[in-house]
Amino acid sequence: MTNYIAVTAHYITEQFELGSCLLECFQFTERHTAENVKSELMRVVKDWNIEGKVVDAVTDNAANIVAAVKQTGFKHVPCFARTLNLVVQDALQSLAAVLL
């Protein structure tokens, strides 16, 4: 198992057009602690010179990732698609028990 972190940016240009780009995708070999994830997020922000420009961070709901984002001072927004998927998976498991 190889672990990666991908950091993307979504923004609005001066012409009010939506933009999106992959800032970095890198192998993450450190322990997945909130502090280690935060350090890498802050490194990416600094490398791209976007300090003070990050408004929100959208992530899954893993406790270490949520804690890392909160430690950066960014506002955390849970990924709606990931949350919806978890709800549907849970509902399907409940239905499977009833249908069998």
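The values are calculated or read from the model by the stated rules, or taken from the named source; none is laboratory data. Note that the structure is a prediction, hence the values are computed from the model and not measured. Positions of Cβ are generated from backbone atoms using ideal geometry, with glycine treated the same way; all protein chains shown enter the neighbour counts.
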**Asked** Is it true that some residue in segment 50-57 is touching a residue at least 12 places away in the same chain (Cβ under 8 Å), touching a Pro at 6+ places or on another chain (Cβ under 9 Å) and charged (D, E, K, R)?
**Response** no
**Item:** Residue in segment 62-100 that is surrounded by the most Cβ atoms within 10 Å (Cβ to Cβ), counting only those that are modelled with pLDDT under 90 and assigned to a loop (DSSP other than H, G, I, E, B)
**Value:** 79
**Prompt:** Across segment 14-49, which residue is surrounded by the most Cβ atoms within 10 Å (Cβ to Cβ) among those that are assigned to a helix (DSSP H, G or I) and of a type in the set (Lys, Arg)?
**Reply:** 38
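Name the residue, out of 80, 74, 16, that is on the phi > 0 side of the Ramachandran plot and either in contact with a Ser or Thr (Cβ under 7 Å, 6 or more places away or on another chain) or among the aromatic types (Phe, Trp, Tyr) (or both).
Going through 80, 74, 16 in turn, just one is on the phi > 0 side of the Ramachandran plot and either in contact with a Ser or Thr (Cβ under 7 Å, 6 or more places away or on another chain) or among the aromatic types (Phe, Trp, Tyr) (or both): 16.
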**Complete:** Output for Cβ contacts, cut-off 7 Å, separation at least six or different chains, first residue under 19 Å from residue 55 (Cβ atoms) in segment 14-43, second exposed (fewer than 10 other Cβ atoms within 10 Å of the Cβ) and of a type in the set (S, T, N, Q), reads 19/13
**Item:** Checking residue 11 against (1) in a helix (DSSP H, G or I); (2) out of contact with any helix residue (DSSP H, G or I) (no Cβ under 7 Å at 6 or more places or on another chain), the condition it does not meet
**Value:** (1)
